[in-house]
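Here's a structure for you.
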Amino acid sequence: MQFYSLAFVLFMVVALVAYYGIGRLFGKGQWVVLLAASLAFYAFCGWQNFVFVGVTSVSTWIGALAFAHFDGQSKEARSQAESRDEKKAIKRRFVRKKRLVLLAMLVLNFGILSYIKYADVLVRYVMPDTTWTAGILLPLGISFYTFQSISYVVDTYNGKYAPERNFAKYLLFISFFPQVIQGPINRFDALAEQLYATRSFDVRNARRALLQIGYGALKKYVIADIVVWVVDGIFDNVGPGIPGSAVVVGILLYAIYQYADFSGGIDMVLGFARLFGVQMADNFRQPYFSVSLADFWRRWHITLGAWMRDYVFYPFALLPAVQRWGKWLTRRCGKHIGRTLPACVANILVFFLVGLWHGAESHFILWGLYNGLVIAASDLLTPLWDKMNKALHVNVEGKAHHVFCIVRTFIIVNIGWYFDRIVDPNALSICFRNTVFNFHPELLMPALGRVVDSHLAMGLMLAAIGTVFVFIISVLKERGIDVAGAIVDWPAPARGLLYAVVVLMVASSFMFGMGSGFMYANF
Amino acid sequence: MTATARKTIHSILGIVVALAIVIVSVNAAAFALCPAGSKSEVVWTEYRNQESLDTIVLGTSLMARSLDPEVVDNHFATHSFNMSTPSQSVSESYVALREVLDNHDIKHVVYGIDFSALWPEYWGNVASVFMAEKWKGDAPWQRFEDMSYILTDYEWMLGATSINWAFPWVQQRVGPGEVADNVRMKLDGTPVTKAAEYVEDGWIYHGQGYGNYNAVFDYNADHHKSYRHLGMSPLKEENLNYLADICDLCNQRGVEFVAMVPPVPDFTLITMKDHYAEYTRQVKELVESHGGLYLDFNLAKPDVFESRESYFQDFEHMNYEGAAVLSDAFVELVKEYESTGDVSAHFMSYDERIAGIDHIAIADLTDKVTESGIELHASCATGTNVIPEYQFLVDSGSGYEVVQDYSTSDSCLYVPPANGEYKVRVNIRKQGSDVEFEKHTQHSVAYAAGSPHGKPHENRPHGEPGQSGNR
């Protein structure tokens with residue numbers, strides 16, 4: 001179901017009226033409305049989705065209950081044990097059982113995700129001429145709810161919080177409709193209580209939600225859906241000598257498109273959730289103002305980064321073997337290498353998985369490895385950078401250095417976008433080569449002329465206005481200003497004017513774009 | 001008054017004010033951008049001036065420019081009105097028909113079949129301008145009845161067009177340089193037909209809802225649009241159901257129903273290929289099973305109607321001359337049908353029609369700049385029995401020179417002597433012909449040694465749907 005449709009508007013109106021109406025009438029049970037709305041949303045998007053979300057929900061819900069059950073049994077058995085050794089043995093026995101359950105959960109759920117996501121690509125790696133397909137369309141939000149449910153399983157395994165005993169409530173956590181299209185990847189301890197709480201309608205919160213939805217719509221429809229025409233025009237048919245200038249412009253537009261599409265969509269879903277009083281995890285924090293690639297990944301797709309940190313990076317880095325290796329390195333190569341190198345390996349592993357999460361195609365893997373390697377190299381060479389800064393008397397606290405770091409990071413990120421956007425390895429090598437050796441700025445306009453006609457040029461002007469608008473908002477937010485918080489307190493006429501401008505821009509964008517789907521939809 | 005009550009009133013007032021500003025702004029934008037005297041406005045304004053009608057013509061722009069009511073009236077002494085408008089959806093036609101049947105003693109309904117109007121999600125903004133103009137003269141309950149019919153389209157409800165209903169300029173608007181004149185005409189009371197003639201350069205209103213252009217399509221232009229660019233979709237079941245509703249409504253009211261397929265230029269018909277036969281099968285079967293008469297002028301034999309290039313204003317619409325000839329042909333066929341009850345002998349199959357085309361209908365030329373030079377590839381639309389031959393020419397600044405003379409080879413590699421802008425052209429004619437060319441097309445190519453573009457040049461019309469990202 002498209003967000004920009006009468007059906008979705010009616011769906012939201014009905015859900016909101018029911019949600020706050022039930023809250024007012026009964027003072028409880030609002031979460032049931034959210035669950036019904038989420039299941040209805042799934043049904044609108046295809047009943048087949050129920051099967052997959054059902055298997056994940058049931059298996060992980062049972063798995064978490066099993067952990068609690070084993071913990072209880074273990075505690076009871078240990079209380080009856082007489083010796084310390086016997087207690088340890090009992091604990092080991094139950095830990096083994098829990099591990100087996102955990103392993104089963106991981107294999108089952110990552111197995112389903114991997115089969116659906118990667119089977120076709122992997123089979124084609126092995127047998128390029130085969131016509132075999134897995135024959136399953138990617139179920140709605142499978143990557144997001146799988147990661148979300150795995151985080152729940154691991155957290156309950158570690159005893160971070162008690163498992164949810166009510167299956168319907170747990171199902172709501174997994175299937176909450178605003179998050180299923182493209183995330184964010186929410187955590188149970190941050191989201192669940194909000195979903196189950198009873199609340200009344202808050203005008204100020206609703207205003208803020210509408211602003212967030214409008215801001216997201218502006219990014220998605222006014223910028224992304226128009227700019228994508230140029231990006232596709234440039235990269236869908238890369239020839240042996242496409243001018244490097246066109247490649248660079250294409251990549252810069254892709255950077256805009258990718259951010260506007262993904263963060264715009266996230267803003268919209270955060271706004272929808274906020275209308276129900278639910279604050280989901282933020283996924284973006286002005287990523288193009290990052291001062292390093294590591295910083296970028298703390299600001300871009302934040303919930304995926306945090307998931308990888310908590311469930312891959314730390315578990316890997318804290319493995320006894322890795323710890324021992326670190327100590328060994330410290331003795332042989334010094335403190336910096338001993339501390340940094342294991343983390344570098346963990347980072348490379350994390351970004352390999354991030355690439356794989358995006359797809360099994362080689363360009364995604366390359367993109368992931370590129371990010372991991374750059375971050376690893378940057379960490380390893382930190383002492384060298386420090387020495388250089390000192391030798392050159394660089395004021396690392398100064399504004400100029402800050403801007404330099406932002407520009408440097410922006411360039412590094414955009415090099416990464418080459419791997420992400422240019423799917424064909426041959427085209428990728430052509431684009432890199434021509435960016436360096438065949439830049440030909442004089443051929444930029446003729447090259448763009450093939451892609452941009454006068455109609456699209458008008459659309460790009462609208463997109464440019466939208467981009468300036470987003471840039472100004474981003475600068476203000478980067479300076480710590482709560483822009484939305486300030487706007488909701490504006491006088492009604494001023495707010496009305498702002499709403500009108502956004503509505504007119506978003507509606508007018510459909511003169512040029514076609515309201516394409518979200519980049520991360522059905523991921 | 002308590003502080004809470006004051007706060008509530010303040011909040012409600014704030015919402016009302018903000019909402020009012022949004023509504024005023026949207027209406028102001030629509031006022032400024034939606035053309036004064038849109039064709040829909042012309043149709044509804046002129047319709048309301050009609051005292052009595054007995055024949056109504058409905059459909060999209062194809063039909064709006066194909067049937068002259070005056071010709072029909074001259075032969076049958078009827079009172080006809082052409083209510084067809086650009087992008088009129090089948091559901092809109094139904095709603096309009098219901099209105100006309102309620103207010104006039106209608107005997108005949110002629111509905112123009114436009115296959116693209118039966119595709120899913122083709123129209124940019126269904127039910128916007130046409131319905132907005134209708135509602136200007138309707139009571140609120142009538143609007144509600146119309147909406148309740150149109151909103152039953154589930155797919156439409158799920159699409160962006162359902163929201164853009166509120167923003168009519170998304171579908172139809174004036175250019176940035178025309179906004180001031182547009183506003184002036186709306187303010188100074190310029191008659192809608194005059195405003196329409198001003199906004200639509202070259203369009204002339206002839207009366208009874210009918211207007212047309214006199215221009216003839218340039219078959220040798222640098223770029224041309226065709227159904228190839230629009231893409232061909234299977235017909236949407238909901239749209240066929242709406243068409244069935246139209247037939248049923250006519251049956252219920254005892255009205256004769258004629259479904260007429262207006263002709264399109266040969267090259268457009270050729271590009272529709274196998275889709276055309278399938279579309280015909282579905283729609284003809286539906287119309288005839290509901291008791292209607294189906295007349296497809298694309299498949300008419302020359303004794304009834306012979307399509308000529310001079311009859312068309314663009315890649316699918318007829319001009320004034322073409323519509324006059326077609327209207328006569330339509331009248332003659334209906335007369336014969338009324339006397340004999342069967343006119344099927346005057347039509348042929350799609351394959352027979354295409355086989356009968358003995359000329360080059362249009363030329364296409366694409367290029368790809370490679371490290372070897374400029375690769376040119378030509379193609380053309382023509383009859384199945386015609387063997388085309390191609391001549392490639394290049395103009396590097398001193399006029400066109402032949403770089404590959406006439407042959408059946410449709411490709412040519414041109415190696416430019418230097419970097420620069422080159423005009424490339426292809427002439428196409430039938431094999432065995434000695435004319436200089438039947439059709440040609442041309443465009444410019446920027447060439448730089450060692451840095452060619454890989455994307456083939458294509459005749460890409462405005463508004464072609466783009467792709468979303470690579471994910």
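The values are calculated or read from the model by the stated rules, or taken from the named source; none is laboratory data. Just so it is clear, the model here is predicted, and its values are computed rather than measured. In this analysis, Cβ positions are derived from the backbone assuming ideal geometry, glycine residues included, and neighbour counts consider all displayed protein chains.
Just checking, how many residues over segment A:417-466 are outside any loop (DSSP other than H, G, I, E, B), in contact (Cβ under 8 Å) with a residue 40 or more places away in the chain and either surrounded by 20 or more Cβ atoms within 10 Å (Cβ to Cβ) or of a type in the set (A, V, I, L, M, F, W, C) (or both)?
24
Quick check: is even one residue across segment A:291-301 within 13 Å of the chain's Cα centre (by Cα), buried (at least 21 other Cβ atoms within 10 Å of the Cβ) and within 11 Å of chain B (Cβ to nearest Cβ)? Explain how you work it out, then say what you get.
Step one: list which residues in segment A:291-301 are within 13 Å of the chain's Cα centre (by Cα), which gives A:296-301.
From what's left, buried (at least 21 other Cβ atoms within 10 Å of the Cβ): A:296-297, A:300-301.
Filter once more, so that each one left must be within 11 Å of chain B (Cβ to nearest Cβ): none.
No, segment A:291-301 contains no residue that is within 13 Å of the chain's Cα centre (by Cα), buried (at least 21 other Cβ atoms within 10 Å of the Cβ) and within 11 Å of chain B (Cβ to nearest Cβ).
Can you tell me which residue in segment A:218-242 is surrounded by the fewest Cβ atoms within 10 Å (Cβ to Cβ), limited to those that are at the interface with another protein chain (Cβ under 7 Å from one of its Cβ atoms) and farther than 26 Å from B:SER372 by Cβ?
A:ASP232
Scanning segment A:1-59 for residues that are farther than 19 Å from A:VAL180 by Cα and of a type in the set (Phe, Trp, Tyr), which turns out nearest to the other protein chains (Cβ to nearest Cβ)?
Among them, the one singled out is A:TYR20.
Also, quick follow-up: Scanning for something at the interface with chain B (Cβ under 9 Å from one of its Cβ atoms) and either surrounded by fewer than 14 Cβ atoms within 10 Å (Cβ to Cβ) or under 21 Å from A:ALA255 (Cβ atoms) (or both), does segment A:400-413 turn up at least one residue? I'd like the intermediate steps shown before the answer.
Taking segment A:400-413 as the starting set, the residues that turn out to be at the interface with chain B (Cβ under 9 Å from one of its Cβ atoms) are none.
Scanning segment A:400-413, I find no residue that is at the interface with chain B (Cβ under 9 Å from one of its Cβ atoms) and either surrounded by fewer than 14 Cβ atoms within 10 Å (Cβ to Cβ) or under 21 Å from A:ALA255 (Cβ atoms) (or both), so the answer is no.
Looking at B:ASN49, B:ASN27, B:ASN82 in this structure, which one is polar (S, T, N, Q) and within 14 Å of chain A (Cβ to nearest Cβ)?
Working: B:ASN49 fails: within 14 Å of chain A (Cβ to nearest Cβ); B:ASN82 fails: within 14 Å of chain A (Cβ to nearest Cβ).
None of the others qualify; the one that does is B:ASN27.
For segment A:484-509, which positions are buried (at least 16 other Cβ atoms within 10 Å of the Cβ), of a type outside the set (Ser, Thr, Tyr) and either within 26 Å of the chain's Cα centre (by Cα) or outside the structural domain of A:GLY264 (by TED's automatic domain parsing) (or both)?
Selection gives A:ALA484, A:VAL502, A:VAL506.
Now for a different question. With the requirement that a residue be within 14 Å of another protein chain (Cβ to nearest Cβ) and among the aromatic types (Phe, Trp, Tyr), what does segment B:166-202 give you? Outline the logic, then answer.
Filtering segment B:166-202 down to residues within 14 Å of another protein chain (Cβ to nearest Cβ) leaves B:166-179.
Correct list: B:PHE167, B:TRP169.
Given the structure, is A:TRP357 at pLDDT below 95 and buried (at least 18 other Cβ atoms within 10 Å of the Cβ)? Full working, then the answer.
Details: at pLDDT below 95: yes; buried (at least 18 other Cβ atoms within 10 Å of the Cβ): yes.
Judged against the criteria, A:TRP357 is a match.
What is the one condition in (1) under 30 Å from B:ASN103 (Cα atoms); (2) assigned to a helix (DSSP H, G or I); (3) in contact with a strand residue (DSSP E or B) (Cβ under 8 Å, 6 or more places away or on another chain) that B:ASP248 does not satisfy?
That leaves (3) as the condition not met.
Then there is this: For segment B:283-314, enumerate the residues that are under 20 Å from the mean Cα position of the chain (by Cα) and part of a loop (DSSP other than H, G, I, E, B).
Result: B:PHE297, B:ASN298, B:LEU299, B:SER307, B:ARG308, B:GLN313, B:ASP314.
Right, next: For segment A:184-217, name all the residues that are buried (at least 24 other Cβ atoms within 10 Å of the Cβ) and over 29 Å from A:LYS28 (Cβ atoms).
If the condition is that a residue be buried (at least 24 other Cβ atoms within 10 Å of the Cβ) and over 29 Å from A:LYS28 (Cβ atoms), then no residue fits.
Yes or no, residue by residue, for (1) at pLDDT 95 or above; (2) closer than 26 Å to B:VAL179 by Cα; (3) not β-branched (Val, Ile, Thr):
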site: B:GLU41; (1), (2), (3): no, yes, yes
site: B:ARG48; (1), (2), (3): no, no, yes
site: B:SER52; (1), (2), (3): no, no, yes
site: B:LEU58; (1), (2), (3): yes, no, yes
site: B:ASN82; (1), (2), (3): yes, no, yes
site: B:PRO86; (1), (2), (3): no, yes, yes
site: B:VAL109; (1), (2), (3): yes, no, no
site: B:LEU118; (1), (2), (3): no, no, yes
site: B:TRP123; (1), (2), (3): no, yes, yes
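So that you can scan it fast, the table gives a plain yes or no per residue for (1) farther than 30 Å from B:TYR350 by Cβ; (2) surrounded by 12 or more Cβ atoms within 10 Å (Cβ to Cβ); (3) small (Gly, Ala, Ser):
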site: B:HIS377; (1), (2), (3): no, yes, no
site: B:CYS380; (1), (2), (3): no, yes, no
site: B:ASN385; (1), (2), (3): no, no, no
site: B:GLN391; (1), (2), (3): yes, yes, no
site: B:ASP395; (1), (2), (3): yes, yes, no
site: B:VAL402; (1), (2), (3): yes, yes, no
site: B:VAL415; (1), (2), (3): yes, no, no
site: B:VAL424; (1), (2), (3): yes, yes, no
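Here is a yes/no grid of residues against (1) modelled with pLDDT of 95 or more; (2) in contact with an Asp or Glu (Cβ under 8 Å, 6 or more places away or on another chain); (3) surrounded by fewer than 13 Cβ atoms within 10 Å (Cβ to Cβ); (4) hydrophobic (A, V, I, L, M, F, W, C):
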{"residue": "A:ALA37", "(1), (2), (3), (4)": "yes, no, no, yes"}
{"residue": "A:VAL53", "(1), (2), (3), (4)": "no, no, no, yes"}
{"residue": "A:TRP61", "(1), (2), (3), (4)": "yes, yes, no, yes"}
{"residue": "A:ALA77", "(1), (2), (3), (4)": "no, no, no, yes"}
{"residue": "A:SER83", "(1), (2), (3), (4)": "no, no, yes, no"}
{"residue": "A:LYS87", "(1), (2), (3), (4)": "no, no, no, no"}
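What pairs come up if the first residue lies in segment B:147-165 and is at the interface with chain A (Cβ under 8 Å from one of its Cβ atoms) and farther than 15 Å from B:ASN241 by Cβ, the second is part of a helix (DSSP H, G or I) and not aliphatic (A, V, I, L, M), and their beta carbons are under 7 Å apart, counting only those six or more places apart or on different chains?
So the pair list comes out as B:SER162/B:TRP156.
Looking at segment B:358-373 only, could you name the residues that are in a loop (DSSP other than H, G, I, E, B) and not polar (S, T, N, Q)?
Going residue by residue through segment B:358-373, those that are in a loop (DSSP other than H, G, I, E, B) are B:358-359, B:370-373.
Matches in segment B:358-373: B:ASP358, B:HIS359, B:GLU371, B:GLY373.
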